[in-house]
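Some notes on the structure that comes next.
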């Protein structure tokens, strides 16, 4: 979780980026609905008017925060590894990179996964996430049709199970301070667990 400003530290002007980091931490801790501008100002160590200098309100901070997660996920689907080769190879690339993006942007993805659709911004975020999931489900369907995945399971269900496993990482993964954000060991465990079960017998 992004750190709050130390009230005893020398004052330095906030930027939109540092304000966003603080806001994400507060949203995760208190929930978006339970967060007021007063909470954000207190966590940042600045006045509410200073926040309004950067953004019109807390919903804009939410939109910028979940965009950090969504932009990272959408970019994965445009990478060469997600667009060329057999569908199962493309799917493995997407699963691998989605796991890495989750760890790289851990606070932002954590917040995205807690969006419930209570505001226009939350509904917009959920719709973008559904479109991402649908594109992955189509890869699953194609890989099954090509004979590389076990037949007989609904691609939408397989996609939900895949992302259920990946998304659970936000509940326990905490990178060491000063260390790398991405753990190759975790990434390989996800790939092994997912594809050992998904691949059709005799396929590797």
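The numbers here are math on the coordinates, done by the rules we state, and not lab data. All values derive from a computational prediction rather than experimental measurement. Quick reminder, even Gly has a Cβ in these numbers, built from the backbone with ideal geometry, and neighbours come from all protein chains shown.
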Inset, instruction - Compute the long axis of helix 16-30 from its Cα atoms, compare it with the longest principal axis of the Cα atoms of the chain, and write down the angle in degrees, 0 to 90, nearest 10. - result: 80
Inset, instruction - Provide 33, 148 in ascending order of the number of other Cβ atoms located within 10 Å of each residue's Cβ, fewest first. - result: 33, 148
Legend entry - Crossing angle, helix 120-145 versus the chain [Cα axis fit, 0-90 degrees, rounded to tens]: 20
Legend entry - Extension gain from residue 71 to residue 181, taking 0.36 nm per residue of separation minus the Cα-Cα distance: 37.8 nm
Legend entry - Using alpha-carbon coordinates, inclination of helix 87-104 to the longest axis of the chain, degrees: 20
Inset, instruction - Could you grab the relative contact order for the stretch 77-204? Cα pairs under 8 Å, six or more apart, rounded to a whole percent. - result: 32
Inset, instruction - Over the stretch 24-90, calculate the relative contact order: mean separation of alpha carbon pairs under 8 Å at least 6 apart, over the residue count, as a percent. - result: 18
Legend entry - Rounded if a/c under 1.5, otherwise prolate or oblate - the stretch 47-141, Cα gyration tensor axes: prolate
Inset, instruction - Please say if the stretch 66-198 is rounded, prolate or oblate, where rounded means a/c under 1.5 for a ≥ b ≥ c the square roots of the C-alpha gyration tensor eigenvalues, and otherwise the choice is prolate for a/b larger than b/c and oblate otherwise? - result: oblate
Legend entry - Ellipticity estimate at 222 nm from DSSP helix runs (n ≥ 4, -39,500 (n - 2.57)) divided over the chain, nearest 500: -21000 deg cm²/dmol
